[in-house]
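Here the structure comes first, spelled out in structure tokens, and everything after it is commentary.
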Amino acid sequence: PPVGEKYEYQAEVSRLMDLIVNSLYSNKEVFLRELISNASDALDKLRFLSVTEPELLKDAVDLDIRIQTDKDNGIVTITDSGIGMTRQELIDCLGTIAQSGTAKFLKALKDSKDAGSDNNLIGQFGVGFYSAFLVSERIVVSTKSPRSDKQYVWEGEANASSYTIREETDPQNLIPRGTRLTLYLKRDDKGFADPERVQKLVKNYSQFVSFPIYSWQEKGYTKEVEVDEDPAEAKKDEQSATSEKKKKTKTVVERYWDWDLTNENQPIWLRNPKEVSTEEYNEFYKKTFNEYLEPLASSHFTTEGEVEFRSVLYVPSIAPSGKDDIVNPKTKSIRLYVKRVFISDDFDGELFPRYLSFVKGVVDSNDLPLNVSREILQESRIVRIMRKRLVRKAFDMILGISMSENKEDYEKFWDNFGKYLKLGCIEDRENHKRIAPLLRFFSSQSEEEMISLDEYVENMKPEQKDIYYIAADSVTSARSAPFLERLLQKDLEVLYLVDPIDEVAVQNLKSYKDKNFVDISKEDLDIGDKNEEKEKVIKQEFGQTCDWIKKRLGDKVASVQISNRLSSSPCVLVAGKFGYSANMERLMKSQTV
Ligand code: ADP
Ligand code: MG
């Protein structure tokens, strides 16, 4: 065979290959999933680029993936008609680790102290192309980019520190476009060249790939064939009076080989929601977003009329790790498709408000142009409508969790994503009505379990007009605030806002069900128990005392007043009606320091 030019792998690649082989040896079959996912990515890329460069499709071949097996020789061939690779891309992609999925895996492996738990990582990360060395002793990648007029061959062996690249010269191997991987399986792994096994693995791992995957399968059909008559029987027939001769037939199975469509190939969002099971939705979520935990909830819907689109949305079961996520979400949460063509997962901000960035999903529109860009999205009326509907559906889904029989679900949700909704109170006035019923707080009557605003309102006294709250840094310090005394005495419930963002969120809401939020630490709190006669007497009695205290404290306080808000404490420091609350001041101080 022609010799190619020799290249050394980047050091990380060799290390990665070692790691993969050592940690995934008991799960070798993942190689097929990885290679199919690469083929599918390559087809996606081609389809996307061809929107603006239709000449890329000039070799009219179908967009598909074909897997052929040679059981006797232990060879598996995977061919896609995707974007292929140029010579330089072969070096960049298959000789270095620049690619996200693989790099992430490497980092996770490094982070996981317990080497024995590596198996759990498989579900979380794509381990990539090199996983093919789990089962192959030699891999040949022959690839033709539509941007190059030459086809190149990359060739590598297991446990080697280098690979070669040469031009494809064998006319038999030429393909119009795309990539063909030939795996020469290790002796013990030749079982993967069994067509039935491949079929099973494809069904299992790649049911959501949105291009057809064909595998080369032996098929059969039955047919009737005439058989020679037994001579003795024939004689009997002759003796019989009938003149017409009956011919004998027999059923046989005719065998042949052909391409078999092996995957579903119907994107889940195009299917009828009634026919998709929860397991299928969850599987789709895990495969699509590289998640290993089941989502908390999902919602599949179609909208028609003014704007037509289909979508499946999910609420994950845990918040993304990393501090800056909430304010600067970098998560690729929403995958946008136009007429089933994957466009981008980088348009979250346009399709969803930032505070809902934790929701994941796919959106497929028939109304957007295929060459849609961020600029187009930002100005599109269609997108504004889509965004509105998506947000509404997301809230319905969250409301669904809050009404679930299983109380723990919403507790889990609130733990993970409560902060996001509070941010929504600040950023999305228009949806206050949807956000407010989802909020949860501790209160003077429920210090252990959080309550909703609806529960608060239900528990209000007949004469009570407002929703009372106090902001503090913990339930313990809220409980011991002197402002509470009179309210507790009158059995009025007070919300404890113990998360720094709570107070700002509530102030943005202003009211809930026509009841104003009232900070009990502000002066002039009216809890409906004024006794003017008595106040007059007290004011006369203590007026001079107040003046004296004010003189002593000078500018440190704005004023000293008689109050009816305390029952056992002698005095209390309150914030002015138009000033910041003590908690806010604490907050602002902590931000300027
Ligand atoms: P990842 O898929 O996470 O990027 P892989 O190790 O699976 O990492 O693949 C590395 C890179 O090799 C891909 O990003 C892609 O550029 C290239 N590649 C792999 N397989 C194909 C293919 N079938 N067609 C075109 N490019 C491919
Ligand atoms: Mg990959």
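Structural remarks
- Residues satisfying the stated conditions in region 425-449, i.e. closer than 30 Å to Arg387 by Cβ and hydrophobic (A, V, I, L, M, F, W, C): Cys425, Ile426, Ile435, Ala436, Leu438, Leu439, Phe441
- Each residue in region 249-273 was checked for being surrounded by 12 or more Cβ atoms within 10 Å (Cβ to Cβ) and hydroxyl-bearing (Ser, Thr, Tyr), and 1 of them qualify.
- The one condition in (1) crowded, with 19+ Cβ neighbours inside 10 Å; (2) assigned to a helix (DSSP H, G or I) that Val372 fails to fulfil: (2)
- Whether a residue is within 12 Å of ligand 1 (Cβ to nearest atom), over 21 Å from Asn263 (Cβ atoms) and surrounded by 14 or more Cβ atoms within 10 Å (Cβ to Cβ) was assessed, and Leu16 passes this test.
- Qualifying position, being more than 16 Å from Leu134 (Cα to Cα) and either within 16 Å of ligand 2 (Cβ to nearest atom) or outside any helix (DSSP H, G or I) (or both), among Thr77, Thr69: Thr69
- Qualifying residue in region 186-204 (condition: of a type outside the set (Ser, Thr, Tyr) and closer than 24 Å to Pro2 by Cβ): no
- When Phe105 is tested against (1) closer than 16 Å to Arg33 by Cβ; (2) within 27 Å of the chain's Cα centre (by Cα); (3) modelled with pLDDT of 95 or more, only condition (3) is not met.
- Single residue of region 28-54 satisfying the filter (in contact (Cβ under 8 Å) with a residue 12 or more places away in the chain and away from ligand 2 (no atom under 16 Å from the Cβ)) that is nearest to Thr77 (Cα to Cα): Lys28
- Members of region 144-196 that are away from ligand 1 (no atom under 16 Å from the Cβ), assigned to a strand (DSSP E or B) and of a type in the set (A, V, I, L, M): Leu185
- Selection within region 499-554 - of a type in the set (Val, Ile, Thr) and without any contact (Cβ under 8 Å) to a residue 24 or more places away in the chain: Val537, Thr545, Ile549
The values are calculated or read from the model by the stated rules, or taken from the named source; none is laboratory data. What you are looking at is a predicted structure, and each value in this text was computed from that prediction instead of being measured. Ideal geometry is used to build each Cβ from the backbone, glycine not excepted, and the neighbour counts take in all protein chains shown.
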